[in-house]
Amino acid sequence: MGKDFYKILGISKGASDDEIKKAYRKLALKYHPDKNKEKGAEERFKEIAEAYEILSDKKKRDIFDQYGEEGLKGAAGAPGGGGAGGPEFSYAFHGDPRATFAQFFGSANPFEAFFNFGGPGGQEEHMETDDPFGGFGGLGGFSSFGGPGVGRSQSFNVQGMRGKERGPITQDPPIEHDLPLSLEEIMKGCTKRMKISRKIYRRVGTEDRITKEDKILTINVKPGWKAGTKITFAKEGDQLPNKIPADVVFVIKDKPHPTFKRDGSDIRYSAKISLRDALCGTRVDVPTLSGEIIRIDTSSEIVKPTTQRKASGYGLPYPKEPNRRGDLIITFDIKFPDHLPQTVREVLRDALPN
């Protein structure tokens, strides 16, 4: 007795084309040799492909329905089988079930497509399966999530699969986090270890679960990095089915400093002096980020509200030339008295030029 291709696919003789495709899809994924290492799986995979080749072709299916497997081989009694006088018909399976698989799914390496979340967009194929990927690192199929008792209807993102087109796989928008840094950290460079939390889809036994995972990301801050600099960790976001994980982005922010203010690669320091010192001269001790003290002598000049002094090389490193540094810009905050006695006013009126 010849093979019963309907029985091989587990369908009835009156099965529709969609039911034939659905059955092949389910069984081909389950018994693919790249996934199923059980004894006899490869032969089963071949039988499934042959059954699909015959039942998905109307002419071959009609002959099989009337004359069985022998009729497909051109045996007497089948149309064109040597006893009907018509054109001869003879079919033999080509013997390459992987070719059938590749033609059906649109990929010779489907498992790479199933798990390559970062690849180009593909199509989404919905299928019912008995966990066809249960042997691949515990990932299993992608189903709805609900812990124990979750349904077995699986949904996979497949690149290049045939079937109803659902559009490309999409990536979630980048997840941005501020990374505040002090001027001292920016001057010298530093290493930051940032903890993120993300959702991870896993298959645990026969259940689909989403668990929370903490991960440490290491950022090597280079000397002189400017505010707004972005450090991107590609695809470190939530790892869920049908989505390319989002990029995690850290954005450099300057921490407020009690003494200095950043201006690109320069830093600014405001020295507080009295009106008398502004007019008569003084010596001002100016701190630096490195801890040194710079003394500025203004005894030979009048310090105005717009007066600036510059200490070259006492600023921050240039991001692209870390061996060079910006400047320390000193401005002056002149403190005016709130009140002057009349006698002082008269002296100043006589002493100061118009």
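The values are calculated or read from the model by the stated rules, or taken from the named source; none is laboratory data. Predicted model, so just to flag it, every value in this text is computed and none were measured. Glycine also receives a Cβ, built like all others from the backbone with ideal geometry; neighbour counts cover every protein chain displayed. For the accessible areas, the whole protein counts, side chains as well, though only heavy atoms, and no ligand, DNA or RNA atoms are used. Shrake-Rupley method; radii C 1.70, N 1.55, O 1.52, S 1.80 Å.
Please state which of the following conditions Lys60 fails to meet, knowing it meets all the rest: (1) modelled with pLDDT of 90 or more; (2) open to solvent by 20 Å² or more (accessible area, probe 1.4 Å).
Among (1) modelled with pLDDT of 90 or more; (2) open to solvent by 20 Å² or more (accessible area, probe 1.4 Å), the lone unmet condition for Lys60 is (1).
Restricting the first residue to region 14-30 and requiring it to be under 21 Å from Arg98 (Cα atoms) and crowded, with 19+ Cβ neighbours inside 10 Å, which pairs with a second residue that is basic (Lys, Arg) and at pLDDT below 90 meet a Cβ separation below 8 Å and a spacing of at least six or different chains?
These pairs meet every condition: Leu29/Lys35.
If Asp338 satisfies every condition in (1) surrounded by 10 or more Cβ atoms within 10 Å (Cβ to Cβ); (2) part of a loop (DSSP other than H, G, I, E, B) but one, which is the exception?
For Asp338, the failing item is (1).
So Lys195 clears everything in (1) touching a residue at least 24 places away in the same chain (Cβ under 8 Å); (2) closer than 30 Å to Gly264 by Cα except one condition, right? Which one?
Failing condition for Lys195: (1).
Just name the residue that is surrounded by the fewest Cβ atoms within 10 Å (Cβ to Cβ) out of those in region 1-13 that are touching an Asp or Glu at 6+ places or on another chain (Cβ under 8 Å) and at pLDDT below 90.
Only one residue fits best here, namely Gly2.
Name the single residue, out of those in region 212-252 being assigned to a loop (DSSP other than H, G, I, E, B) and more than 17 Å from the chain's Cα centre (by Cα), that is surrounded by the fewest Cβ atoms within 10 Å (Cβ to Cβ).
Of everything passing the filter in region 212-252, Gly228 is surrounded by the fewest Cβ atoms within 10 Å (Cβ to Cβ).
Could you say which residue among Arg295, Arg309 is open to solvent by 80 Å² or more (accessible area, probe 1.4 Å) and either touching a strand residue (DSSP E or B) at 6+ places or on another chain (Cβ under 8 Å) or over 22 Å from Asp254 (Cα atoms) (or both)? Full working, then the answer.
Working: Arg309 fails: open to solvent by 80 Å² or more (accessible area, probe 1.4 Å).
Being open to solvent by 80 Å² or more (accessible area, probe 1.4 Å) and either touching a strand residue (DSSP E or B) at 6+ places or on another chain (Cβ under 8 Å) or over 22 Å from Asp254 (Cα atoms) (or both) holds for just one of Arg295, Arg309, which is Arg295.
State yes or no: is Pro322 part of a strand (DSSP E or B), surrounded by 13 or more Cβ atoms within 10 Å (Cβ to Cβ) and modelled with pLDDT under 95? Don't jump to the end; show me each part of the working.
On the way: part of a strand (DSSP E or B): yes; surrounded by 13 or more Cβ atoms within 10 Å (Cβ to Cβ): yes; modelled with pLDDT under 95: yes.
The answer is yes for Pro322.
Being modelled with pLDDT of 95 or more, open to solvent by less than 50 Å² (accessible area, probe 1.4 Å) and outside any loop (DSSP other than H, G, I, E, B): is that true of Arg268 here?
On the way: modelled with pLDDT of 95 or more: yes; open to solvent by less than 50 Å² (accessible area, probe 1.4 Å): no; outside any loop (DSSP other than H, G, I, E, B): yes.
Taking the combined requirement at face value, the residue does not satisfy it.
Condition test on Arg295, is it in a strand (DSSP E or B), more than 30 Å from Arg203 (Cα to Cα) and out of contact with any Ser or Thr (no Cβ under 8 Å at 6 or more places or on another chain)?
Numbers: in a strand (DSSP E or B): yes; more than 30 Å from Arg203 (Cα to Cα): yes; out of contact with any Ser or Thr (no Cβ under 8 Å at 6 or more places or on another chain): yes.
Considered against the rule, which asks whether it is in a strand (DSSP E or B), more than 30 Å from Arg203 (Cα to Cα) and out of contact with any Ser or Thr (no Cβ under 8 Å at 6 or more places or on another chain), Arg295 comes out as yes.
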